[in-house]
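The values are calculated or read from the model by the stated rules, or taken from the named source; none is laboratory data. Quick caveat, the model's predicted, so the values are computed rather than measured. With ideal geometry, Cβ positions are generated from the backbone for all residues, glycine too; neighbour counts draw on all protein chains shown. The area values use the complete protein model at the heavy-atom level, side chains included, leaving out ligands, DNA and RNA. Shrake-Rupley method; radii C 1.70, N 1.55, O 1.52, S 1.80 Å.
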Amino acid sequence: MTYHVVEDPIKKVAIFGGTHGNELTGVFLVKHWLENGAEIQRTGLEVKPFITNPRAVKKCTRYIDCDLNRVFDPGNLGKRMSEDLPYEVRRAQEINHLFGPKDSEDSYDIIFDLHNTTSNMGCTLILEDSRNDFLIQMFHYIKTSLAPLPCYIYLIEHPSLKYATTRSIAKYPVGIEVGPQPQGVLRADILDQMRKMIKYALDFIHNFNEGKEFPPCAIEVYKIMEKVDYPRNENGEIAAIIHPNLQDQDWKPLRPEDPVFLTLDGETIPLGGDCTVYPTFVNEAAYYEKKEAFAKTTILTLKAKSIRSSLH
């Protein structure tokens with residue numbers, strides 16, 4: 001008999017749009033599903049579409065006071081509510097109250113958080129835990145269903161890089177990142193891709209709840225190694241830009257001798273180091289303020305045991 005993991009059925013799912021108010025695909029889809037949610041409903045499952053940062057959405061800006069997708073840590077969630085708190089910290093507490101509390105039995109089972117990137121990342125699923133059989137199985141199902149359209153899995157598990165994401169209040173947090181799309185713009189192809197990712201994710205949950213057993217599987221993931229800043233001058237200003245050979249080459253192998261930056265004097269700056277890496281979030285518009293030109297990743301294979309729902 002094959003060993004499998006028995007998981008509780010999934011009851012409550014949320015789909016977040018507008019965590020960043022200028023990433024419009026999620027905003028547009030969630031607003032549509034709030035009006036007409038037929039396509040996201042599945043028998044026996046509560047699926048709640050929700051606009052997370054309405055003030056930023058209204059202004060079509062990433063955030064009002066601070067990045068909502070970085071404040072779901074115990075420090076911010078535990079602060080005494082007051083008008084002096086940044087808007088996004090207050091909003092984080094409200095969201096935690098509605099969909100959490102984080103790390104509790106009452107929190108939502110799954111949160112899908114919909115994002116766009118200006119980088120050429122295609123369809124990307126963001127995984128926060130490399131040992132989660134359920135999510136590895138789900139991501140395998142989505143990736144297989146999207147084929148031949150590529151789907152990349154970005155593992156952000158790291159000892160020193162901590163993300164206190166909006167979705168992290170759920171038992172199973174899922175980041176969905178689709179690009180390239182400029183901020184404040186809607187592209188039909190990108191919207192179609194994100195819509196399909198959600199459809200397949202919900203189909204997987206439905207199949208799981210109905211008692212389908214998913215056999216052992218393996219997925220290839222890109223695990224974050226480190227973030228790379230732009231070269232800067234003595235005033236801290238950017239002194240070189242992403243090299244044309246690196247632009248739009250997310251997920252492609254990058255060797256130590258390959259050019260990554262170009263100065264205005266025409267000087268090429270290579271990657272350096274001693275290993276091939278796989279860059280992602282290359283030249284992301286929102287990361288200039290975070291001093292991140294791109295992230296270096298390495299490829300790993302993650303394996304999941306067979307899973308089935310405990311109801312069957």
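Screening LEU98, LEU77 for residues that are modelled with pLDDT of 95 or more and either of a type in the set (A, V, I, L, M) or out of contact with any Ser or Thr (no Cβ under 9 Å at 6 or more places or on another chain) (or both) leaves exactly one candidate, LEU98. Scanning region 147-205 for residues that are open to solvent by 20 Å² or more (accessible area, probe 1.4 Å) and acidic (Asp, Glu) yields GLU157, ASP189, ASP192, ASP203. Inside region 59-70, residues that are part of a loop (DSSP other than H, G, I, E, B), under 20 Å from THR117 (Cβ atoms) and hydrophobic (A, V, I, L, M, F, W, C) make up a count of 2. Can you say whether ASP73 is more than 20 Å from ILE15 (Cβ to Cβ), touching a residue at least 24 places away in the same chain (Cβ under 8 Å) and surrounded by 13 or more Cβ atoms within 10 Å (Cβ to Cβ), as far as the supplied structure shows? It is true that ASP73 is more than 20 Å from ILE15 (Cβ to Cβ), touching a residue at least 24 places away in the same chain (Cβ under 8 Å) and surrounded by 13 or more Cβ atoms within 10 Å (Cβ to Cβ). Checked against (1) basic (Lys, Arg); (2) open to solvent by less than 50 Å² (accessible area, probe 1.4 Å); (3) over 24 Å from TYR172 (Cβ atoms), ARG91 passes all but condition (3). Tally up the residues in region 14-52 that are open to solvent by 10 Å² or more (accessible area, probe 1.4 Å), among the polar types (S, T, N, Q) and under 18 Å from ASP67 (Cβ atoms), please. So the count comes out to 1.
Quick grid of which residues meet (1) modelled with pLDDT under 95; (2) under 29 Å from ASN132 (Cα atoms); (3) surrounded by 13 or more Cβ atoms within 10 Å (Cβ to Cβ):
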| position | (1), (2), (3) |
| --- | --- |
| ASN207 | no, yes, yes |
| LYS212 | yes, yes, yes |
| CYS217 | no, yes, yes |
| GLU220 | no, yes, no |
| ILE224 | no, yes, yes |
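When each of ALA304, ALA295, ALA240 is tested for being without any contact (Cβ under 8 Å) to a residue 40 or more places away in the chain, aliphatic (A, V, I, L, M), open to solvent by less than 20 Å² (accessible area, probe 1.4 Å) and in contact with a strand residue (DSSP E or B) (Cβ under 9 Å, 6 or more places away or on another chain), the lone residue that passes is ALA240. Assessment of region 206-217 against the conditions (closer than 26 Å to LYS58 by Cα, assigned to a loop (DSSP other than H, G, I, E, B) and either among the polar types (S, T, N, Q) or out of contact with any helix residue (DSSP H, G or I) (no Cβ under 6 Å at 6 or more places or on another chain) (or both)) yields no matching residue. Number of residues in region 43-60 that are among the charged types (D, E, K, R) and within 16 Å of TYR108 (Cα to Cα) equals 2. Per the conditions (1) open to solvent by 50 Å² or more (accessible area, probe 1.4 Å); (2) polar (S, T, N, Q); (3) at pLDDT 95 or above, the sole criterion not satisfied by SER310 is (3).
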